[in-house]
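Encoded as structure tokens, the structure appears first; notes follow it.
The values are calculated or read from the model by the stated rules, or taken from the named source; none is laboratory data. On a predicted model such as this, the values are computed, not experimentally measured, just so you know. We place every Cβ from the backbone using ideal geometry, glycine too, and count neighbours over all the protein chains shown.
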Amino acid sequence: MPSTFFTASPHWRWLIVAYFFLGGLAGGSYFIATLMDLFGKTRDRRLVHLGYLIAFPLVCLCGLVLTVDLGRPERFWHMLIQSETFRPMVKAYSPMSLGAWALLCFAGCAFLSFIAVLAERGWLRWPALRQLSPLAPVGRLVTVIGALLGCYVAGYTGVLLAVTNRPIWADTSLLGLTFLISAASTSAALVIVLGAWSGVSGEGMRALERFDGSVLVLEFLAIVALVASLGRIAMVWLNGWGVLLAVMVLGGIALPLFVRWRRPISGPIGPVLVLLGGVILRAVIVFSSDQLP
Amino acid sequence: MAEPMGFFTDTTVCIGCKACEVACKEWNQLPAANGGVRPLSGDSYDNTRRLDGIHWRHVKFIEQFSADRRQGRWLMMSDVCKHCVRAGCLEVCPTGAIIRTEFDTVVIQSDACNGCRDCIGACPFGVIDINPVSGTAQKCTLCYDRMKVGLEPACAKACPTESINFGTIADLKKMAQARLGQLHHAGESRAHLYGTDEAMLGGLNSFYLLVDKPEVYGLPPDPKLPSRNLKSSALWSVLGAVVLALTSVISFRNRGTHDA
């Protein structure tokens with residue numbers, strides 16, 4: 001029996017699954033918004049705004065969920081500040097320590113971009129905020145840094161799981177990659193759903209759907225590689241969790257791709273399935289290990 | 001720094017009295033589970049079952065019986081935190097609550113821990129868990145408070161058969177080698193030491209004399225540090241980020257001519 005099967009579960013349950021999913025959405029939507037902003041056309045700006053508007057509330061929710069999940073929520077700040085010396089608490093080789101800092105810094109960028117969008121849309125009238133617009137140099141710097149941090153927030157959760165000794169999590173190095181790609185597919189799906197709901201259409205939406213389609217193919221390849229990298233340990237998925245993973249692959253990747261292939265503008269069904277698939281993927285990874293001895 | 005201290009547990013003389021468990025709970029004022037009403041395990045005389053946040057010592061009963069119950073063997077092992085020289089829990093702890101003491105032991109400072117539980121999954125031995133009363137991760141401290149005033153840990157003091165030996169690591173290793181030689185001389189060729197080799201997490205400051213494979217005692221055959229996956233996982237993630245960035249650039253730039 002592999003040595004990872006002699007360990008104890010950290011009891012990371014639904015709140016952590018929710019954090020992994022919401023963190024992926026927050027980081028991913030900011031990342032997509034920034035890249036659309038840098039490389040897209042001016043008529044994509046409503047989608048860009050959507051990405052930035054989504055990211056900040058989601059990252060706030062992430063902080064809340066993580067705090068509630070702690071055994072001592074009132075000590076959440078111990079992640080950032082040493083409780084005895086009041087010096088910054090940073091551990092370069094602890095993904096959770098770096099993740100806490102990344103989440104804080106990302107939240108800062110997401111906030112600045114959030115108010116910049118409010119100003120750009122005329123909902124906040126304060127001339128100084130124009131500097132924060134992604135079209136201004138300062139705003140552009142904020143969004144580029146934010147996109148890198150968003151990428152980190154979306155993917156470090158998989159690395160965090162790998163840097164344990166638990167079965168499945170510590171038996172592969174591909175969880176960070178899988179979570180990152182899944183974060184991109186689910187974020188694109190969320191922006192598509194919200195874009196369609198708020199009446200955005202045209203080439204920007206089609207580009208986003210093209211991106212989501214490509215990322216779904218990458219996600220499929222990442223999951224196949226993940227299962228292959230587990231080797232014989234993947235046998236632990238010969239149960240309900242494995243069935244759920246297969247359902248996720250079929251319903252959250254294959255079906256949305258099929259729908260998009262049949263109808264270039266597919267409506268909300270495909271993206272909603274992608275979002276559900278993102279939740280199921282994280283639930284399978286977290287719970288299937290949690291239930292092992 | 002004081003000399004490294006630890007435990008040598010000779011499982012061959014453990015009688016499963018659980019005096020160490022009781023002494024540990026009493027000295028460290030660990031609460032009872034389930035209001036003191038502990039459900040019976042139903043498949044063992046051991047009802048503690050595992051180490052957790054309120055059981056820092058656990059005497060494992062390994063009950064090996066044939067199907068017809070004619071042949072049987074009992075193995076007993078008082079399990080505890082291994083106080084690894086290279087400790088996985090200490091590596092991942094994001095709050096700095098887990099420290100290495102002047103005795104080379106590993107201690108969780110309950111007043112600094114915020115109960116994130118990262119250390120639980122990182123421990124290669126499944127030693128740590130949450131204490132439901134404090135809401136923090138807890139485990140054996142090797143009675144740090146007693147050591148500070150020159151006392152031996154409560155479990156070692158209570159052990160009636162000297163299965164649990166406390167002392168400097170150097171002395172304990174000598175004692176373990178002598179006992180191993182004695183057992184081998186007596187014909188117990190299966191006897192071996194677990195945790196004395198520095199290849200295992202730099203050496204365990206709580207090591208064991210076993211008479212079967214480590215797995216039989218619920219010990220991992222090849223415990224590793226959680227950080228072994230850090231570099232490879234990070235590199236794959238960076239590669240993923242680059243691929244995603246390229247995919248997005250291609251998707252967002254290559255538009256149909258009607259978009260011009």
(message) If I filter the stretch B:104-127 down to residues being among the hydrophobic types (A, V, I, L, M, F, W, C), within 7 Å of another protein chain (Cβ to nearest Cβ) and closer than 26 Å to B:TYR208 by Cα, which single residue comes out as surrounded by the most Cβ atoms within 10 Å (Cβ to Cβ)?
(response) B:CYS123
(message) So, in the stretch B:200-259, exactly how many residues are aromatic (Phe, Trp, Tyr) and more than 7 Å from chain A (Cβ to nearest Cβ)?
(response) 3
(request) Test each condition in (1) over 30 Å from A:THR7 (Cβ atoms); (2) small (Gly, Ala, Ser); (3) assigned to a helix (DSSP H, G or I); (4) touching a residue at least 60 places away in the same chain (Cβ under 8 Å) for A:GLY267 and report the one that comes out false. (result) (3)
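Going through the stretch B:87-103 one residue at a time, which ones are touching a strand residue (DSSP E or B) at 6+ places or on another chain (Cβ under 7 Å) and either in contact (Cβ under 8 Å) with a residue 24 or more places away in the chain or within 11 Å of another protein chain (Cβ to nearest Cβ) (or both)?
B:ALA87, B:CYS89, B:LEU90, B:ALA97, B:ILE98, B:ILE99, B:THR101, B:PHE103 - these are the residues of the stretch B:87-103 that are touching a strand residue (DSSP E or B) at 6+ places or on another chain (Cβ under 7 Å) and either in contact (Cβ under 8 Å) with a residue 24 or more places away in the chain or within 11 Å of another protein chain (Cβ to nearest Cβ) (or both).
Residue under question is B:ALA158, and the condition is that it be in contact with a Cys (Cβ under 6 Å, 6 or more places away or on another chain) and over 25 Å from B:GLY202 (Cα atoms); does it hold? Quick ask: steps written out before the conclusion?
On the way: in contact with a Cys (Cβ under 6 Å, 6 or more places away or on another chain): yes; over 25 Å from B:GLY202 (Cα atoms): yes.
Against the criterion (in contact with a Cys (Cβ under 6 Å, 6 or more places away or on another chain) and over 25 Å from B:GLY202 (Cα atoms)), B:ALA158 qualifies.
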(request) Read through the list (1) assigned to a helix (DSSP H, G or I); (2) touching a residue at least 40 places away in the same chain (Cβ under 8 Å); (3) not aliphatic (A, V, I, L, M), then give the number of the only condition that A:HIS78 fails. (result) (2)
(request) Of the numbered conditions (1) in a helix (DSSP H, G or I); (2) charged (D, E, K, R); (3) over 21 Å from A:ASN165 (Cα atoms), B:GLU91 fails exactly one; give the number of that condition. (result) (3)
(request) Determine whether B:CYS24 is in the same structural domain as B:PRO153 (by TED's automatic domain parsing) and closer than 22 Å to B:VAL106 by Cβ. (result) yes
(message) I'd like the residue in the stretch A:113-151 that is surrounded by 24 or more Cβ atoms within 10 Å (Cβ to Cβ) and hydroxyl-bearing (Ser, Thr, Tyr) and, out of all such residues, is nearest to the other protein chains (Cβ to nearest Cβ).
(response) A:THR143
(request) Hey, could you check the stretch A:1-21 for residues that are assigned to a helix (DSSP H, G or I) and over 15 Å from the mean Cα position of the chain (by Cα) and say which is farthest from the other protein chains (Cβ to nearest Cβ)? (result) A:TRP14
(message) Within the stretch B:97-134, take every residue that is among the aliphatic types (A, V, I, L, M) and part of a strand (DSSP E or B) and give me the one that is farthest from A:ARG75 (Cα to Cα).
(response) B:VAL106
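Restrict the check to the stretch A:92-105 and report whether at least one residue is assigned to a helix (DSSP H, G or I), among the aromatic types (Phe, Trp, Tyr) and touching a residue at least 60 places away in the same chain (Cβ under 8 Å). First the steps, then the outcome.
To start, the set of residues in the stretch A:92-105 that are assigned to a helix (DSSP H, G or I) comprises A:95-105.
Among the residues that remain, those that are also among the aromatic types (Phe, Trp, Tyr) are: A:101.
Remaining after also requiring touching a residue at least 60 places away in the same chain (Cβ under 8 Å): none.
No, that holds for no residue.
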(request) Confirm whether A:ILE54 is β-branched (Val, Ile, Thr), touching a helix residue (DSSP H, G or I) at 6+ places or on another chain (Cβ under 7 Å) and within 11 Å of chain B (Cβ to nearest Cβ). (result) no
(request) Report, ordered by the first and then the second residue, all pairs with beta carbons closer than 6 Å, sequence separation of six or more or different chains, a first member in the stretch B:231-251 that is of a type in the set (A, V, I, L, M), and a second member that is in a helix (DSSP H, G or I). (result) B:ALA234/A:VAL159; B:ALA241/A:CYS151; B:LEU244/A:ALA184; B:VAL249/A:PHE39
(message) For the stretch B:54-86, give me each residue that is away from every other protein chain (no Cβ under 14 Å), touching a residue at least 12 places away in the same chain (Cβ under 8 Å), surrounded by fewer than 24 Cβ atoms within 10 Å (Cβ to Cβ) and outside any strand (DSSP E or B).
(response) B:VAL85
(message) Filter the stretch A:24-51 down to the residues that are among the hydrophobic types (A, V, I, L, M, F, W, C) and within 11 Å of chain B (Cβ to nearest Cβ) and list them by number.
(response) A:PHE31, A:ILE32, A:ALA33, A:LEU35, A:MET36, A:LEU38, A:PHE39, A:LEU47, A:VAL48
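For the stretch A:169-257, please list each of the helices (runs of 4 or more DSSP H) lying entirely inside it that holds at least 2 residues being facing chain B (nearest Cβ under 10 Å) and free of Cβ contacts under 8 Å to residues at least 24 places away in the same chain.
On the way: elements: A:175-197, A:203-230, A:240-249.
It comes to A:203-230.
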